[in-house]
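See below for the structure under consideration.
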């Protein structure tokens, strides 16, 4: 026989278990939904040492001053993915770090919020500012090599494609911008006649180095492989190259010949959970001290004229886009061509990657 | 006589119908106790995968566009063929290395058996990410293998970012899956028949080739199918070590979803991968008559009774037998030490990658050079920063939730299958429960991602917990079911006749008696979630980051020896637990003998 006491005790215990379950599930959902409330922005950059630099130069001081928390995502170059995310209404990002060509494709897809650029001025190149974007620095991708493996170095895109004369594993990021153009330059197309891109010719040229080249999913993967000595030469973001050279992991050198220039812009996607704070962060990025810090950490050229004018010749001689580093093969991506043909070229590039 | 359902889980199973006079109807409610687990697996696992498959013909427009792109483009076809070839090569390597080890694990002395078991289980319990890191160091351009090659004055070989690194690392990963069914079969075969053959005049090699090898064929088959199926679904290893030349379908699915947002192509590739696995498993079942559950449960022993084991062998085997006879006459095979030495050497080879990380963890630089340059403890202090401790906390919390949820659901499902009365229902339940174990996780992860994105569960702890529960259920279910099968139902009937309701039976009789199974199952559930990398890589992101996801980032985006520190900690934990367990057993033995 059970007594009433037993019954109430049992009920009490059941109640306690139920309460525990509710509390547990509550804590689980509370932990999950944390990031989207006001006062926190999610920034899509490129991870690794780049993220560390941007965090130290821009977001740490910004967060300190405004109390807005910044979360980091590394899908900044996944243009197709970001477009898809915005179109399916699941945009979780507030601020995207975009180079020329991705900006062109974002604009073509219509996924950006117009930015009120009133009060934003002092740009060295005001023509780079668009209705949807604010330029914050100019960067380059350069040809680089491991001095232990390629004694003579590289002087041109033709050298990178000369697998017989300069043997060794090539490494690049699996993003087409600059690589398609570089293949055409290596094949003899003059720099001023690159556009419209002859894709058939570019892919045919790329076929010739396919077996000697590893394409990495991201800048971080490429940087990692170079640091481990797996890659003898290639084409990559200058900041990453400098970061490896500085770490001393492998002896790395680069050339300004054939460097590809691009303006880096900050944009806010449609459906961003916290657009106003993202805009504040963009404004913050133009402060002279932030611009200076970015230059010191990444080695890229400030977009603010006042900062750029204050630099000495020695500093300018190692910055992308200055007269000192201009070369015959240096070129800029044609934003209009990529805006119109980017989606198709990307699909073809993706198919070629797996071939 | 008054009884009231008082157990905390009263809501989960109906109270037994009471009838006057203390007599009870035979409890039939166990059939229903599997429902929560079945619902979870169906809704969280099967449904997303089904929708993913559907998407392959509806995205971006209705039609076979994705398949014509996938199968019409030589590159993607290469990728499919490469996936099959790499998996087959890894399976073969695992078989060649695994057979001698399995043999000594069964027939060797106590010391050898223990050593080999540790050598096999230690890597098995180490995260696949940490093992990939070890291989990255070993096979790297500045790693020990290439250092050795350079000693001989040869050019270093590029192995990382080629299929070589993938096959080496994958076969190492698959080895336990090959050895467990092999060893089970060998144990069932025993050595009596070999002794009979020897007494009839066969030499050791001949007896082995003509008698032993054919008898262990079911184990070879089960092991090979398991390895092949798991190899085809590999994702982390090719993603980290394969580069563009060693990429497999798993990495194609990942990059299509996460980088290009090309869900159509990803789902077509996922469908191809899933179909490959299903075809292999079904063909295997047709050939051997072994059930999926048996295969997944890796019980090769049951297979020895299958009709095919009696089918001796073809011409190849006869030829091999003759060759072996020749070897016997030469007297080469008389040595009993040779196979043992071979097994020990292989065991050391399997275990060695574990230890390479210890010197790396004390490196002074970020470069993965072996032996490392300089000495520092900076990576140890880096581990104790929020960058690593936060993901660790997240992983532990998720794993605890998974353990509790999968533990309860899996145990109830096991009760439903073992104690249930409706046969077809039980078979369906057990197939559903084991499905997540055999089905390629990368396909499931793609399904989770695409479906969870729609309902806002991507990058949430709840999403990862739900996904991990389905992956942990097979372990809980099979371990608890095995425990239940060995439990005589007579105790429950006795309790029932004395008036205990089913919940009371479960709480007071069944659970205490199968407690060891439940503890083992919970441990498996915890480890499954804690170690899980594929789903975490797909589902965790900015707001939620598990430890495996953090390690994956460190491996792919940064060169970071902190990963080596984690390996060292994992090894230390495993050693402490193992020693503690051994001590515990010793103590129990002493207290019993007293």
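Points worth noting:
- Spin-label pair residue B:88/residue B:490, simplified geometry with 7 Å Cα→Cβ offset, distance in nm: 5.4
- Across chain A, Cα pairs under 8 Å and at least six residues apart give a relative contact order of 26 percent.
- Computed on segment A:233-283, the Cα convex hull volume stands at 149 Å³ per residue.
- Counting Cβ atoms of other protein chains within 10 Å of each Cβ in B:142-151 and taking the mean gives 1.
- Segment A:160-217 and segment A:240-316 have Cα centres spaced 26 Å apart.
- Label point at residue A:210 placed 7 Å out along Cα→Cβ; residues across segment B:240-266 whose backbone nitrogen lies under 11 Å: none
- Counting Cβ atoms of other protein chains within 10 Å of each Cβ in B:454-464 and taking the mean gives 4.
- As a length-normalised measure over Cα pairs under 8 Å and 6 or more apart, the relative contact order of chain B settles at 23 percent.
- Cβ-Cβ FRET estimate between residue B:579 and residue A:52, R0 fixed at 35 Å, reported to 0.05: 0.30
- Nitroxide proxy distance, nm - points 7 Å out along Cα→Cβ at residue B:572 and residue B:341: 3.8
- Applying 0.36 nm per residue to the separation of residue B:508 and residue B:96 and subtracting their alpha-carbon distance, the gain on full extension is 143.5 nm.
- Footprinting exposure proxy ranking of A:52, B:453, fewest other C-beta atoms within 10 angstrom first, gives A:52, B:453.
- Shielding by other protein chains, A:214-225, mean Cβ within 10 Å: 6
- Placing a label point 7 Å from the Cα of residue A:270 along the Cα-to-Cβ direction, the residues of segment A:90-109 with a backbone N closer than 14 Å are A:90-91, A:106-109.
- The alpha carbons of the protein assembly as shown stretch over 95, 84, 59 Å along the principal axes, in descending order.
- Prolate/oblate/rounded call for segment B:56-184, Cα gyration tensor, a/c under 1.5 rounded: oblate
- Calculated FRET value between residue A:247 and residue B:527, using beta carbons and R₀ = 41 Å, to 0.05: 0.70
- Rounded if a/c under 1.5, otherwise prolate or oblate - segment B:39-104, Cα gyration tensor axes: oblate
- Taking each residue as 0.36 nm, the span from residue B:154 to residue B:316 lengthens on full extension beyond its C-alpha to C-alpha distance by 54.5 nm.
- Antiparallel bridge percentage (DSSP; both residues within the protein assembly as shown; nearest 5): 60
- Listing B:464, B:358 from fewest to most neighbouring C-beta atoms within 10 Å gives B:358, B:464.
- Over chain B: helical MRE at 222 nm, DSSP H runs n ≥ 4 each giving -39500 (n - 2.57), nearest 500: -22000 deg cm²/dmol
- A simple spin-label model places the labels of residue B:114 and residue B:81 5.1 nm from each other, with each point 7 Å out along Cα-to-Cβ.
- For chain A, the 222 nm mean residue ellipticity estimated from helices alone, with every DSSP H stretch of n ≥ 4 adding -39500 (n - 2.57) and the total spread over all residues, rounds to -12500 deg cm²/dmol.
- Relative contact order for segment A:164-277: 31 percent, from Cα pairs under 8 Å spaced at least 6 residues apart, divided by residue count.
- When each of the peptides A:264-273, B:371-380, B:246-255, B:66-75 is scored by the mean number of other C-beta atoms lying within 10 Å of its residues, the order from highest to lowest reads B:246-255, A:264-273, B:66-75, B:371-380.
- A Förster distance of 51 Å, applied to the separation of the beta-carbon atoms of residue B:285 and residue B:58, puts the FRET efficiency at 0.95.
- Prolate/oblate/rounded call for segment A:212-335, Cα gyration tensor, a/c under 1.5 rounded: oblate
- In terms of other Cβ atoms within 10 Å, B:329, A:316, B:336, B:141 run from fewest to most in the order B:336, B:329, A:316, B:141.
- Mean-position separation - Cα centroids, segment B:524-573 and segment A:137-158, in angstrom: 34
Each value in this text was obtained by applying a stated rule to the coordinates, not by laboratory testing. Keep in mind the model is a prediction, meaning the values are calculated, not measured. Because the Cβ atoms are built from the backbone with ideal geometry, glycine has one as well, and the counts that use them run over all protein chains shown.
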